[in-house]
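The next block holds one structure in the form of structure tokens; read it before the comments.
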Amino acid sequence: MEMITFKRLLLGAFSSLLIASCVNDFSEEKDKEYANGGNIPLRFTADIGAVAHARVQENAFEEGDEVGLFAMISSTALTEERYVDNLKFKRSSDGEFTSEQTVYYPDDGSTLDLLSYYPYQEGGIAMGESVMPVSVAAEQSLSENYSRSDFLVATLANQAASKTPLNLSYKHKFFRLNIVLAPEDVESADALCAADPQLAVCGFYTEASYDFHKDAYSDYAEEMSLTPAGTWTVEDGRLTGKSVILIPQEISAEYQYLTLEVGGKEYRCWIPDNLEMQSGKQSELEITFVPAEDILLGAVQGDIEDWEGDDTVQSGSEVVGKYIDVSKLDFEQSSVYNVLHAGSQVAEICKECLVTEEMEVQAIVAYPVSEGRTDLTKGTVLQILGSEDENIHGGAVSWSTEDNTLQYTPGTSSVRKRIYVLSDGQLTLSSTSEDELLTISSIANVFRDRRGGTVRNYPVVKIGTQYWMRDNLKATSYSDGTEIPKLDGIAEDADGYLLSDEGEVFYTPSVISTKKMLSADADWRMPTWEDWNQLKAYLKGKASSLKAGEWRVSEDDQLTAVTNLSGFNALPVGMWWVKGKFEDYVGRYAAFWTVDDAGEVADESFMMSGKSDEMQDGELVGGTGWAYSIRAIRK
């Protein structure tokens, strides 16, 4: 374990004049004044805690590494007055850390609380805050990127002036995943190593905010494909040596995954959702490799003494091939799937509703994607669902984004289960040996809703040219992570949310008025009346196309049809009104908030009832005593 001396970190006389300022005064004149006063300089050494040895092979700082330091009088907090504010130290060639400024201990006997972090950031932590943006690099195969992806923090409290150097021990705050390949035939390990399998880790956020007071992460952003660090070596018949540093975050079932390319063939396996990504910990992901068939996720186990969870976790995986078999897509996860090649989206497959003057049907349609944009003018119909006619598949759809209308060309072929992507990005339902086909895989397209340190996945449905949440929002905090007050009942001017026994969440107007229910930088927003009217126009105003579940009516009313043809999945979860009882609305109504162009609550809500097949405009009368559901629409 390497010991590093911080050569010029000197903390000294702290007069009442300095107490009135925010940070220490580093002028040369002050340095001389304090030095002549005989104040005791503080020196300290530093090491990296060996519990996870994630940063570098020797678990030590390297030449050129920069750390930041905060020092507070022990009676104050990081969010208050700072004695030293984000002072930078850089490791020199002789193994010492030096700073361009000189600082001294307080001369009034005050003790200091020290906080240091790596890697250094010029912006530091804003005054009055305890949160700093953190990130990991995508190309961790580069040594510099891998080192700077390891976020380290050291703290030391109540330190009085002393001639003895203090020791700062830095702790790893990210998570390290070590990746191991285990050939089915141990004797083939050397050959597999010689093939140099290429890895990518996908579906993880690479940016977040870290709160030094709460030791917690929030504001996750930027999903990127990560290239692990290290070089394959053979140990006991297994390939080891690859690792990737990740920000601790939740694992979602069948979302984060690993791709492996070897011998011109690509494989994929899902990261198990019971993998615990704890700060400062590491775990081993063992993949059993069967080149003729598949790769299987064999075991996830810890390799440090305080890591909990050495259970073996089994998970299915798939070979990435030259086509997508749509019969294997689980449209329960989402009605929209992304088709990927080498980590980039090249196509989109949707289970959607096709409505023309002649027909209203559900179909599975594929669209090409280029540079992140779906070309809705070149849809290929793989299957018309629920039809007894065998030769109507394989048609074409073209959407107008201006008026949300469809041009449909009927197909004349049987059901098509496979979709191929040519090297030029075009889609085809069949292939020949002469075609240059891309290797492709699929993943459910979901709305990843980030709130503080929590991430929730919502399924997505395409209706015409619009993309909607397929479930109601169930957030109990604003987009910035601030908790929304929970209410026990509805009242005029109530501020908060109500929760039903089934887990449905209803929001009062004041919550919507904050404009914080959806992050401004997210791809999703609250719907306007223009959005709802576009939806109504495409579906010919039929509420039955939006409804799902079991609806009911009063004794004197007649129940209307429920088809959910659009896949919108509107359940009769009810609503709250100060002049009625929730029990009278649940099972009979669904109501959704609408905003105007400025993001303010609109005068009317979007509503459906069991006794009508019309999409209704619910006028907000009688004050503010309402609570409705939220459905977001993609920008």
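Screening Phe568 on (1) at pLDDT 95 or above; (2) surrounded by fewer than 19 Cβ atoms within 10 Å (Cβ to Cβ); (3) not charged (D, E, K, R) shows it passes everything except condition (2). What residue, among those in the stretch 584-619 that are without any contact (Cβ under 8 Å) to a residue 40 or more places away in the chain and in a loop (DSSP other than H, G, I, E, B), is least open to solvent (accessible area, probe 1.4 Å)? The qualifying residue least open to solvent (accessible area, probe 1.4 Å) is Gly587. Leu168 - would you say it is assigned to a strand (DSSP E or B), open to solvent by less than 20 Å² (accessible area, probe 1.4 Å), under 29 Å from Leu87 (Cβ atoms) and modelled with pLDDT under 95? Yes, satisfied.
Among the conditions (1) assigned to a strand (DSSP E or B); (2) at pLDDT 90 or above; (3) open to solvent by less than 20 Å² (accessible area, probe 1.4 Å), the only one that Lys242 does not satisfy is (3).
Looking across the stretch 426-440, the residues that are out of contact with any Asp or Glu (no Cβ under 9 Å at 6 or more places or on another chain), part of a loop (DSSP other than H, G, I, E, B) and of a type outside the set (Ser, Thr, Tyr) come down to Gln426, Leu429, Glu434, Asp435, Leu438. Selection of strands (runs of 3 or more DSSP E) fully inside the stretch 452-529 by the criterion of at least 2 residues being closer than 26 Å to Ser334 by Cα returns 454-463, 466-469, 505-507. Of the residues making up the stretch 566-583, those that are in a loop (DSSP other than H, G, I, E, B) and either closer than 17 Å to Leu499 by Cα or more than 30 Å from the chain's Cα centre (by Cα) (or both) are Leu571, Pro572, Val573, Met575, Val578, Lys579, Gly580, Lys581.
Selection over the stretch 86-124 of residues that are open to solvent by 20 Å² or more (accessible area, probe 1.4 Å) and of a type in the set (Gly, Ala, Ser) gives a count of 5. Asp521 satisfies every condition listed in (1) among the acidic types (Asp, Glu); (2) open to solvent by 60 Å² or more (accessible area, probe 1.4 Å); (3) in contact with a Lys or Arg (Cβ under 9 Å, 6 or more places away or on another chain); (4) closer than 22 Å to Val460 by Cβ except (3). Among the strands (runs of 3 or more DSSP E) confined to the stretch 253-350, the ones with at least 3 residues that are at pLDDT 80 or above and closer than 30 Å to Gly464 by Cβ are located at 336-341.
For the stretch 224-245, a residue qualifies if it is in contact with a Phe, Trp or Tyr (Cβ under 6 Å, 6 or more places away or on another chain) and under 30 Å from Ser479 (Cβ atoms), and exactly one does: Ile245. Summed over the stretch 333-360, the residues that are over 18 Å from Gly541 (Cβ atoms), touching a Leu at 6+ places or on another chain (Cβ under 9 Å) and open to solvent by 30 Å² or more (accessible area, probe 1.4 Å) give a count of 3. Here is the figure for the stretch 126-159: residues that are of a type in the set (Phe, Trp, Tyr) and open to solvent by less than 10 Å² (accessible area, probe 1.4 Å) total 1. The residues listed here are Thr231, Thr206; of these, the one that is open to solvent by less than 60 Å² (accessible area, probe 1.4 Å) and either polar (S, T, N, Q) or without any contact (Cβ under 8 Å) to a residue 12 or more places away in the chain (or both) is Thr206.
Taking the criterion of being free of Cβ contacts under 8 Å to residues at least 40 places away in the same chain, open to solvent by 80 Å² or more (accessible area, probe 1.4 Å) and of a type in the set (S, T, N, Q), the only residue of the stretch 374-405 that qualifies is Asn391.
Out of Asp557, Asp603, Asp597, I need the residue that is of a type in the set (Asp, Glu), more than 16 Å from Tyr628 (Cβ to Cβ) and touching a strand residue (DSSP E or B) at 6+ places or on another chain (Cβ under 8 Å). Which one?
Asp597 is the lone residue from the list that is of a type in the set (Asp, Glu), more than 16 Å from Tyr628 (Cβ to Cβ) and touching a strand residue (DSSP E or B) at 6+ places or on another chain (Cβ under 8 Å).
Which of the residues spanning the stretch 162-193 are aliphatic (A, V, I, L, M) and within 28 Å of Val290 (Cα to Cα)? Of everything in the stretch 162-193, those that are aliphatic (A, V, I, L, M) and within 28 Å of Val290 (Cα to Cα) turn out to be Leu177, Ile179, Val180, Leu181, Ala182, Val186, Ala189, Ala191, Leu192.
Step by step: first the residues of the stretch 107-164, then only those that are in a loop (DSSP other than H, G, I, E, B), of a type in the set (D, E, K, R) and under 22 Å from His213 (Cα atoms), then the one that is nearest to the chain's Cα centre (by Cα). Which residue is that? Steps first, please.
Kept after step one, since they are in a loop (DSSP other than H, G, I, E, B), are these residues of the stretch 107-164: 107-111, 119-130, 136-138, 140-142, 149-151, 160-164.
After this cut, where a residue has to be of a type in the set (D, E, K, R) as well, the list is 107-108, 122, 129, 150, 163.
Adding the requirement that they be under 22 Å from His213 (Cα atoms) leaves 122, 129, 150.
Values: Glu122: 26, Glu129: 23, Asp150: 19 Å.
Among those that are in a loop (DSSP other than H, G, I, E, B), of a type in the set (D, E, K, R) and under 22 Å from His213 (Cα atoms), it is Asp150.
When Ser218, Ser188 are screened for being among the small types (Gly, Ala, Ser), surrounded by fewer than 19 Cβ atoms within 10 Å (Cβ to Cβ) and either at pLDDT 90 or above or under 30 Å from Ala71 (Cα atoms) (or both), only Ser218 passes.
The values are calculated or read from the model by the stated rules, or taken from the named source; none is laboratory data. Predicted model only: the values in this text are computed from it and were never measured. Reconstructed Cβ throughout: ideal geometry from the backbone, glycine too, with neighbour counts over all protein chains shown. Calculation scope for accessible area: heavy atoms of the full protein, side chains included, ligands and nucleic acids excluded. Shrake-Rupley method; radii C 1.70, N 1.55, O 1.52, S 1.80 Å.
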